[in-house]
Amino acid sequence: MIKIIVEISKYLLLFLMIFFTMETFMVLKKRNEDARRRIMRKQILLLLLFNFAAYLVMFLQTNDIYMILLYAGVVLYVLLVQGLYRLIYKKASLVLVNTMCMLLSIGFIIQARLGVSTAVKQLIIVAASTALSFIIPVIVKKVKLVKDLTWVYGILGVLLLAAVFLFAQVSGGGKLSIDIGGITFQFSEFVKITFVFFIAGMLQEVTTFRQVFRVTVVAGIHVVILVLSKDLGAALIYFVAYIVMVYVATRKARYALLGLGGMSLASVVAYQLFSHVRVRVNVWQDPFADYQNTGYQIVQALFGVCAGGWFGTGLFGGSPGMIPLAKEDFTFAAICEEMGILFAICLILLCMGTYLLIVNIAMKMSKPFYKLIAIGLGTEYAFQVFLTIGGTTKFIPMTGITLPLVSYGGSSVMCTIMMLAIIQGLYILRKDEDEQLEEEKRQKTPKRPKKKDGPSDREGNGTGREPEEADDLERRIEEQTEKSLNW
């Protein structure tokens with residue numbers, strides 16, 4: 001009986017995911033607010049059903065009471081987030097809240113499949129990060145000083161990255177994080193935010209060549225420190241965000257082309273100078289050449305992607321534990337194995353939908369500073385998804401980047417939740433601007449005199465004219481008659 005439930009569940013989870021993804025894109029098409037609200041209510045129902053089906057199957061497979069407790073915690077988290085956003089930020093983008101909750105739910109499920117303790121830790125980190133993020137929209141909206149701290153952002157980012165380079169222990173071949181009081185912090189995740197704020201502050205008003213050169217120097221310092229720390233994935237994310245933001249701010253294609261050319265040249269130089277870069281490129285070209293050593297991770301990930309087929313093996317039906325770093329870097333491979341390639345495609349589309357929502361918010365911002373922030377954060381999110389999935393499927397060399405909101409990682413998930421909270425603050429700010437513009441238009445529009453409701457009005461006074469025109473004609477006749485009598 002349990003096997004039948006497991007077999008049915010993988011199709012049910014897939015259909016729920018398909019419908020949720022479709023509704024996300026439907027919201028982008030709808031202009032009517034009531035229609036959008038109906039779609040978002042459907043998404044919440046699909047999200048709750050998705051979690052119920054997944055945790056029921058995992059409990060039946062394991063008989064682990066912690067699965068039930070984790071399910072209760074996840075549902076409580078989803079309901080609290082939905083309720084608090086509606087209570088505190090009534091103008092927030094609820095569809096963005098829904099997609100965030102869905103991506104987090106997928107992450108909790110696959111982490112619980114790989115190890116309940118990991119999923120519990122992830123839930124605690126997510127809950128704390130979300131509680132902290134609720135003050136961010138207020139800061140974005142109320143604190144005007146945010147726009148004037150440009151060089152503070154730049155200097156703080158360089159100092160944090162330099163601290164990791166100087167004091168971090170080597171882990172996985174690179175200096176990625178610092179241990180403070182038993183808690184590991186990966187500062188490159190948080191510097192992604194200060195990096196975007198620095199570029200937006202520099203280019204919000206002045207976009208001359210000199211100003212772009214200054215931005216390039218500071219951005220180059222960030223990237224060089226990351227390359228020296230062997231954090232290649234983060235270096236690529238920073239560089240792509242820099243190129244996109246400079247192009248959006250200046251509208252000059254030559255800057256983007258120069259940036260891409262510089263990135264290509266830097267890649268060649270890095271390949272010649274750093275042995276770890278050469279190893280990753282060689283593994284990408286032929287992972288089976290050194291299967292037992294350097295190619296083991298990517299080969300096992302590829303086996304995992306293919307093992308599940310289109311519909312997956314079902315939860316606890318595969319062997320994702322054989323994939324190295326399945327909880328962090330190769331989570332996408334574990335999802336493909338047990339939930340199927342079709343489910344993974346929907347996951348990619350959902351990430352794309354999240355990016356489109358962010359771009360939609362950015363394009364409607366009137367102030368360059370806020371527009372550049374939204375574009376920069378959205379680019380970092382989208383490119384991180386591309387690097388993770390591209391590396392897992394051997395489309396590009398693996399860079400050691402986690403899948404946002406899905407993979408296990410305290411700093412990564414905390415940073416992503418903060419980034420989405422900043423986007424929510426910008427969305428609320430845009431809503432306020434729209435309401436202010438509507439109020440100004442309303443005040444400028446001259447008030448028309450009210451029409452009288454009477455038989456003569458409805459009949460047009462028998463002249464075939466509107467009531468206002470008939471009254472005006474009678475007044476002019478009376479004036480002309482009076483002039484004639486006076487004469």
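The 3J(HN,Hα) values that the Karplus relation (6.51, -1.76, 1.60; θ = phi - 60°) gives for region 139-155 are, in residue order, 5, 4, 7, 9, 8, 6, 5, 4, 6, 9, 9, 3, 6, 5, 4, x, 5 Hz. Gly and Pro appear as x.
In the chain, the longest principal axis of the Cα atoms and the axis of helix 2-29 are about 40 degrees apart. Accessible area per residue for the chain, computed on protein heavy atoms with a 1.4 Å probe, is 50 Å². Rounded, prolate or oblate for region 1-107? Axes are the square roots of the Cα gyration tensor eigenvalues, ordered a ≥ b ≥ c, and the cut-off for rounded is a/c under 1.5. Oblate shape, in that a/c is at least 1.5 and b/c is the bigger or equal ratio. If R0 equals 22 Å, the separation of the Cβ atoms of residue 62 and residue 128 corresponds to a calculated FRET efficiency of about 0.25. Simple rule: put +1 on each Lys or Arg Cβ and -1 on each Asp or Glu Cβ in the chain, find the dipole, and look at 267, 16, 220; the Cα lying farthest toward the positive end is 220. For region 145-166, the residues whose backbone nitrogen is under 12 Å from a point 7 Å from the Cα of residue 221, taken along Cα to Cβ, are 151-162. Judged by the gyration tensor of its Cα atoms, with axes a ≥ b ≥ c, region 53-184 is oblate; a/c meets the 1.5 cut and b/c is at least as large as a/b.
Considering only protein heavy atoms and a 1.4 Å probe, what is the carbon-and-sulfur percentage of the accessible area of region 1-83? The partial results should precede the final answer.
Numbers: 3270 of 4640 Å².
Using a 1.4 Å probe with all protein chains present, region 1-83 comes out at 71 percent carbon and sulfur.
Report, in listed order, any pair from 42/444; 91/192; 91/144; 394/431; 141/441 with a Cα-Cα distance greater than 31 Å. Walk me through the numbers on the way to the answer.
Numbers: 42/444 40 Å; 91/192 26 Å; 91/144 20 Å; 394/431 42 Å; 141/441 23 Å.
Where the Cα-Cα span goes over 31 Å, the pairs concerned are 42/444; 394/431.
Look at (1) 22.3, 80; (2) 29.8, 94; (3) 28.4, 115: the one that is Rg and Dmax of the Cα atoms in Å derived from this structure is (3). Placing +1 on the Cβ of every Lys and Arg and -1 on the Cβ of every Asp and Glu, with no other charges, gives region 201-340 a dipole of roughly 800 debye about its Cα centre. With the highest mean first, a sort of the peptides 313-323, 225-235 on other beta-carbon atoms found within 10 angstrom per residue produces 225-235, 313-323. Applying 0.36 nm per residue to the separation of residue 31 and residue 184 and subtracting their alpha-carbon distance, the gain on full extension is 50.6 nm. Axis angle, to the nearest 10 degrees, between helix 33-62 and the longest C-alpha principal axis of the chain: 20 degrees.
Whenever you get a sec, line up 149, 70 from highest to lowest accessible area (probe 1.4 Å, protein heavy atoms).
Values: 149 60, 70 5 Å².
Final ranking, largest accessible area leading: 149, 70.
When 214, 430 are compared by accessible area of protein heavy atoms, the largest-first order is 214, 430, using a 1.4 Å probe.
In whole percent, and with a 1.4 Å probe on the protein chains, what portion of the accessible area of region 308-440 is carbon and sulfur? Write out the running numbers ahead of the final one.
Working: 2700 of 4030 Å².
Here carbon and sulfur together make up 67 percent of the probe-accessible area.
List the relative contact order of the chain as a percent without decimals, with contacts defined as Cα pairs under 8 Å and 6+ residues apart. Averaging sequence separation for qualifying contacts and normalising by length gives 19 percent for the chain.
Think of each Lys and Arg Cβ as +1 and each Asp and Glu Cβ as -1; about the Cα centre, that makes the dipole of region 1-148 roughly 780 debye.
Taking region 307-324 and a reference point 7 angstrom along Cα→Cβ of residue 294, the backbone N atoms nearer than 19 Å belong to 324.
The values are calculated or read from the model by the stated rules, or taken from the named source; none is laboratory data. The shown structure was predicted, so the numbers you read here are calculated from the model rather than taken from an experiment. Cβ: placed from backbone, ideal geometry, glycine included. Neighbour counts: every protein chain shown. For accessibility, only protein heavy atoms count, side chains too; no ligands or nucleic acids. Shrake-Rupley method; radii C 1.70, N 1.55, O 1.52, S 1.80 Å.
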